[in-house]
Amino acid sequence: MLLKMTALALFGLCAGGVIAAGIFAFLAIIGVFPRLIGKTGTKKHIMLYETAIILGGALGNVLDLFEFPVLIGGTWFLAAFGISSGIFVGCLVMSLAETLKTLPVINRRIHLSVGLQYVIFAIGLGKMLGSLLYFSAGIAAP
């Protein structure tokens, strides 16, 4: 029984490590990290970025695996975490869209010469309002 549990734990950790490495490689390949570093002009802090990415991934996996309750900060901490997660997902989606060259295709198909930023803003605003409605109406699982 102990051998079976040890083997399952080892396989689970290896599978989780492979998936995490794949996600971080995907983020690096589509250019999320280099783009953010370039836009903020903080390339002199590249070691800090690498350390934060590795520690964030490892800490996130540990918190998810062991389900530690977060007892600090309350609502403000939750709001800051939600906003930070939303910004990250937004950057990820825009990097993926830019990599796949979807924005020029949309631009040509709807014959939009100016104002593409307003279309993108409207899509993001719609997603945000939909999420707020979803969670405020209690539709989300407890």
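The set of residues in segment 35-55 that are of a type outside the set (A, V, I, L, M) and modelled with pLDDT under 80 comprises Arg35, Lys39. Note on segment 24-36: among residues that are open to solvent by 90 Å² or more (accessible area, probe 1.4 Å) and either without any contact (Cβ under 8 Å) to a residue 60 or more places away in the chain or more than 18 Å from Val89 (Cβ to Cβ) (or both), the one that is nearest to the chain's Cα centre (by Cα) is Phe26.
Residues are listed down the side, and each one gets a yes or a no for (1) at pLDDT 75 or above; (2) open to solvent by less than 90 Å² (accessible area, probe 1.4 Å); (3) aliphatic (A, V, I, L, M):
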position	(1), (2), (3)
Phe68	no, no, no
Ala79	yes, yes, yes
Lys101	no, no, no
Arg109	yes, no, no
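Given the condition more than 20 Å from the chain's Cα centre (by Cα) and more than 30 Å from Ala9 (Cα to Cα), answer yes or no: does some residue in segment 81-98 qualify? No, every residue in segment 81-98 fails to be more than 20 Å from the chain's Cα centre (by Cα) and more than 30 Å from Ala9 (Cα to Cα).
Across segment 14-34, the number of residues qualifying as among the aliphatic types (A, V, I, L, M) and over 14 Å from Gly57 (Cα atoms) comes to 4. Here Lys43, Lys39 are screened, and the one residue that is of a type in the set (Lys, Arg), farther than 30 Å from Ser131 by Cα and open to solvent by 60 Å² or more (accessible area, probe 1.4 Å) is Lys43.
The values are calculated or read from the model by the stated rules, or taken from the named source; none is laboratory data. This is a predicted model, so every value here is computed, not measured. Glycine also receives a Cβ, built like all others from the backbone with ideal geometry; neighbour counts cover every protein chain displayed. Just so you know, the surface numbers come from the protein's heavy atoms only, side chains and all, with ligands and any DNA or RNA stripped out. Shrake-Rupley method; radii C 1.70, N 1.55, O 1.52, S 1.80 Å.
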